[in-house]
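The values are calculated or read from the model by the stated rules, or taken from the named source; none is laboratory data. Treat the numbers as computed from the prediction; the structure is a model and nothing was measured. Neighbour counts are summed over all protein chains in view; Cβ atoms, including those assigned to glycine, are modelled from backbone coordinates with ideal geometry. What goes into the accessible areas is simple: the full protein's heavy atoms, side chains included, and nothing from ligands, DNA or RNA. Shrake-Rupley method; radii C 1.70, N 1.55, O 1.52, S 1.80 Å.
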Amino acid sequence: MILGLDHIAIAVPDLHAAIARFCEDLGMPLAGREDVPTQQTTTAFVPVGDTRIELIHPIDGQGPVQGFLDKRGGGLHHLCFRTDDIDADMQRLTDKGYRFLTAAPVPGAHGTRVVFIHPKSAGGVLIELAEHPADAGHA
Ligand code: CO
């Protein structure tokens, strides 16, 4: 079951400049940085209200986020919804004809399990589902 908006992700060509924009210029806190090897990205989280902005930058110029930057420059990359049962939601959506970028959830930041719905299945929007360890099994 979807619980809320976990984060909005922005692909950034310059992580330091993006952190300066959100944290120094806009005045939001920086909640930490983490490398996410499964996505070949390094991420910085900026909490705002009940959700977060996730700044994503490719590690070593590799991976799908680098492809996104090469094609479009920086910009809005994906929405992530928090779920308390990622396997059940994935099955439910697969039954409705949705396609996913991976066959099963993979490890994300902060001990989450994440999976991405193919944007062609979702009107051109890349949607991530994330299950946090604290929420799992509480359905
Ligand atoms: Co994300």
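Express as a percent, rounded to the nearest 5, the fraction of DSSP beta bridges in the range 2-131 (both residues included) that run antiparallel.
That works out to approximately 75 percent antiparallel.
Along the Cα-to-C-beta direction of Lys120, a point sits 7 Å from the Cα; which residues of the range 84-108 have their amide N less than 18 Å from that point?
Within reach of a label on Lys120: 94-104.
Just the projected area, averaged over all directions, of the convex hull on the alpha carbon atoms of the range 2-131: how many nm²?
Its average projected convex-hull area is 7.7 nm².
Relative contact order of the range 2-131, please, whole-number percent, based on alpha carbon pairs below 8 angstrom and at least 6 residues apart.
Once normalised by length, the contact order is 27 percent.
Would you calculate a helix-derived [θ] at 222 nm for the chain, using -39,500 (n - 2.57) for each DSSP H run of n ≥ 4 and dividing by the full residue count, to the nearest 500?
The helix contribution divided over the chain gives -5000 deg cm²/dmol.
Relative contact order for the range 92-139: what percent, with Cα pairs under 8 Å and sequence separation of 6 or more?
30
Accessible area per residue, 1.4 Å probe, Å², for the range 2-131: what's the number?
52
Check Val48: other-chain or 5+ apart residues with amide H under 5 Å from its amide H, H built from backbone geometry?
Distant-sequence amide H within range of Val48: Ile53.
Can you pull the percent of the range 1-104's accessible area that's carbon plus sulfur, 1.4 Å probe, other chains left in place? If you can, show how the numbers build up before the last one.
Values: 3120 of 5810 Å².
Answer for the range 1-104 is 54 percent, counting heavy atoms of protein chains only.
Determine the shape class of the range 78-139: with a ≥ b ≥ c the square roots of the Cα gyration tensor eigenvalues, call it rounded for a/c under 1.5, and otherwise prolate if a/b is greater than b/c, oblate otherwise.
Values: a/c = 2.04, a/b = 1.49, b/c = 1.37.
Prolate, since a/c reaches 1.5 and a/b exceeds b/c.
Extension gain Asp70-Val48, at 0.36 nm per residue separation less the Cα-Cα distance, in nm? Can you show the working numbers first?
Numbers: separation 22, 0.36 × 22 = 7.92 nm, distance 2.83 nm.
Result for the pair: 5.1 nm of gain on full extension.
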